[in-house]
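Read-outs throughout are calculated quantities, based only on the coordinates presented, and are distinct from any laboratory measurement. Here the structure is a predicted model, which means the values were calculated and not measured. In this analysis, Cβ positions are derived from the backbone assuming ideal geometry, glycine residues included, and neighbour counts consider all displayed protein chains.
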Amino acid sequence: MQTLLSQFAFCTLLLPLLSGLTIGLFFRQERAAMQMAIAAMLLSFICALGAAILFFAYGVTAESYVLFQWLELADFNCEMGIWLDGLSVVMMLMIATVSLLVHIYSAAYMEDDTGLIRFFSLISLFTFAMLQLVMTNNMVGLFFGWEGVSLFSYLLIGFYYAKDTAAHANVKAFLMNRFGDLAFSLGIVLIILHVGSPQYQDVFSRLSGLADVTIELYGFGAQPVSVLVGFLFFIGAMTKSAQMPLHMWLPDSMEAPTPVSALIHAATMVTAGVFLLCRFSALMVSSAFLMNCIAFIGASGALWLGILALCENDIKRIIAYSTLSQLGYMVLAVGVGAFQLAIFHLLLHALYKALLFLAAGSVIHALAHEQDIRRMGGLGRLMPITAGCFLVGALSLSGIPPFSGFYSKDLILLAVAKQSVHLSLGGYIYGCALAGFFVTPLYIFRAYWVVFFGQPRYVTRMPVYESPLAMTGPLAVLAFLSFAVGFIVLVFFAGQQSRLFYEFSQVSAPLVPVQSAIQYVVEHGVVGHAIFSLGLYLALLGIAASWLYFTYRTSYQGAFVMAPKWLNWVLLNGYGFNWILEKIVVPMYSLVTYGCNRFGEQVLIHGVYEKCIALGIRSFSYAASRFQPSYLNRYFAIMGMAVVIMILISSFGSAV
């Protein structure tokens, strides 16, 4: 059984890699490339499903399977392979499922685009990089996967590289992720340096000992390595999962094709930061201050980034800001110690957010790539399947029972309520989490009413029809999963029989009240608990408010059209973060680089260093040339003098 499990896991990982490389290097026909990518991804999904069934059916504990020896030195050994535990198996199955549906959907959505060979090659390679990130068995493989998703997301965001906005967006995403990747890399170096091995089995067994090892930091004194690495990993997670104030790259990355947005910016890459925090949860709980910071950042993003969706008219950017808000809830769950709920919400969010993105893509495809919701309307009659699927995604996102999103969001709110009394800014954190329950349905149902109801406001040369089966099929599957998966897998993530509960229980010992409350609610019924929860009523109120406020408006400019001008500016400019980046950070960076170029390169290198070296070489050459003037008589004189000196020395030595 162990052999079959490892074979399934290896095939899940390697099939997208082989497909991506083969398509990119050898394929010349777009249809063949598309079929190859879908077939390989289908096999990868089947293998992932088989591995998950074997893992949970036979109660396998964490296992490491070695693929090959990457590097072996006297005191350093790195074996590349896979690490299978409850966390990695859940992530593996989620990535394979969403990626397969996106591959199938892309076959119809991208059929009129050029560069399909490049697209399917890159999306397959991205899937491999993400699987590598969650399945690797060592820190080096984690780094390769982390950087791989950055690289391939850069290439996919800039897929329409002829557009200036797409070219700007992919560079912005790549450069902002460099900042977090630097912190992440430093954290990996510190772990390997103090543990002495990159292998997970060694790292996890010695993480607790890092709290007793300190590093002297200028201005901060001696700090435990565990706390320092935890902060570095959190900075890396903030950029990858687009948390405030490092979130600006994600809305701009909507320049990518819609299937890319569904795969990268809903289900996979943006959740890598949350996965990292949960994978190294022992480091996170090592510092109460760090947990407070994580909870504060997560709660702030959950509310304030969600509010920005109310001001957007681009349907993809509305869903992008929704993603930022829901990522905030995941990070908040980490901050209060409910690590299994963070992964639970990650899984469910991947399904219903991919559904929303693909449903939005169906609308965009039908309207000849129109993305402004002010130029839509009345599409529910013409596209009933798309409208129904979007509604399922919106209800799940809003946390309405019995849709999947309800289970994770309600339990996260419970965990925050129980832990907020122990947090430095507990009232603010709980208030943000609670207010987000009202804001979420407000913005997503605003989009739903405006797009699918009312009078048509679009102008197209062709009649509007429902999308083809290759697009509506994945939508229907995701709609079913968004409805049913939450209830089906609830016992795996919460409750006494939870596998992930036991995986995180050791590192969450100080957070027993949170875990006990979650277990009690699950055992006595989550839906029954929700009846007495303020979150559900706020969500229903948000839906009602969106209907009353947006449906009966004659203008669809946004929620804050009547607000003061300064508030309009603040909200429409994303609280000024982009303004700070473009008007302050970038000019300061440009000034520093200009100074380095003018003084460092032009003056020091070209003006001083090179001239000094040239002068030294010239002087030495001139001095050496005095001994080689090319006169034979001088050469003979020097040779004669040398012979005489040698004879005298020899004679003197003999006399002595």
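The table for this structure:
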{"read-out": "Positive-pole candidate from ILE192, LEU100, ALA162, dipole of region 91-199, charges at beta carbon", "value": "ILE192"}
{"read-out": "Region 571-596 versus region 39-95: alpha-carbon centroid distance in Å", "value": "42 Å"}
{"read-out": "Mean Cβ count within 10 Å, highest first, over the residues of peptides 532-541, 303-312", "value": "303-312, 532-541"}
{"read-out": "Förster radius 25 Å - calculated FRET efficiency between VAL66 and ILE46 (Cβ-Cβ, nearest 0.05)", "value": "0.60"}
{"read-out": "Selection from GLY230, GLY405, ALA299 lying farthest towards where the dipole of the chain points positive, charges on Cβ", "value": "ALA299"}
{"read-out": "Folded to 0 to 90 degrees: helix 512-524 orientation relative to the chain principal axis, Cα", "value": "30 degrees"}
{"read-out": "Cysteines without a disulfide-compatible neighbour (Cβ-Cβ under 4.7 Å), the chain", "value": "CYS78, CYS278, CYS293, CYS311, CYS389, CYS432, CYS596, CYS612"}
{"read-out": "Inter-site label distance for TYR465 and LEU425 at 7 Å from Cα along Cβ, in nm", "value": "5.3 nm"}
{"read-out": "Electrostatic dipole magnitude of the chain [Cβ: Lys, Arg +1; Asp, Glu -1; Cα centre; debye, to 20]", "value": "1320 debye"}
{"read-out": "In degrees, nearest ten, helix 86-109 long axis to first principal axis of the chain (Cα)", "value": "80 degrees"}
{"read-out": "Residues in region 242-274 reached by a label modelled at VAL585 [backbone nitrogen below 18 Å; 7 Å Cα→Cβ]", "value": "242-254, 270, 273"}
{"read-out": "Principal-axis tilt of helix 426-452 within the chain, Cα atoms, nearest 10 degrees", "value": "70 degrees"}
{"read-out": "Segment THR165-GLN602, extension gain: residue separation times 0.36 nm, minus the distance between their alpha carbons", "value": "154.0 nm"}
{"read-out": "Once exposed loop trypsin sites (Lys or Arg not before Pro) are cut out (DSSP; at most 10 other Cβ, 10 Å), longest piece of the chain", "value": "29-460"}
{"read-out": "Gain in span if fully extended, PHE56 to THR593, counting 0.36 nm per residue against the direct Cα distance", "value": "187.9 nm"}
{"read-out": "Estimated vicinal HN-Hα couplings, Hz - region 163-179 in sequence order (Karplus 6.51, -1.76, 1.60; Gly, Pro = x)", "value": "7, 4, 5, 5, 5, 5, 5, 6, 5, 4, 5, 5, 5, 5, 6, 4, 4"}
{"read-out": "Centroid-to-centroid separation of region 421-449 and region 113-142 [C-alpha atoms, Å]", "value": "34 Å"}
{"read-out": "Structure-derived P(r) over Cα pairs in 10 Å bins from 0, in percent - corresponding label in (1) 3, 13, 20, 22, 20, 12, 5, 3, 1, 0, 0; (2) 3, 15, 24, 24, 15, 6, 3, 3, 3, 2, 1, 0, 0; (3) 3, 14, 24, 27, 19, 9, 3, 1, 0", "value": "(2)"}
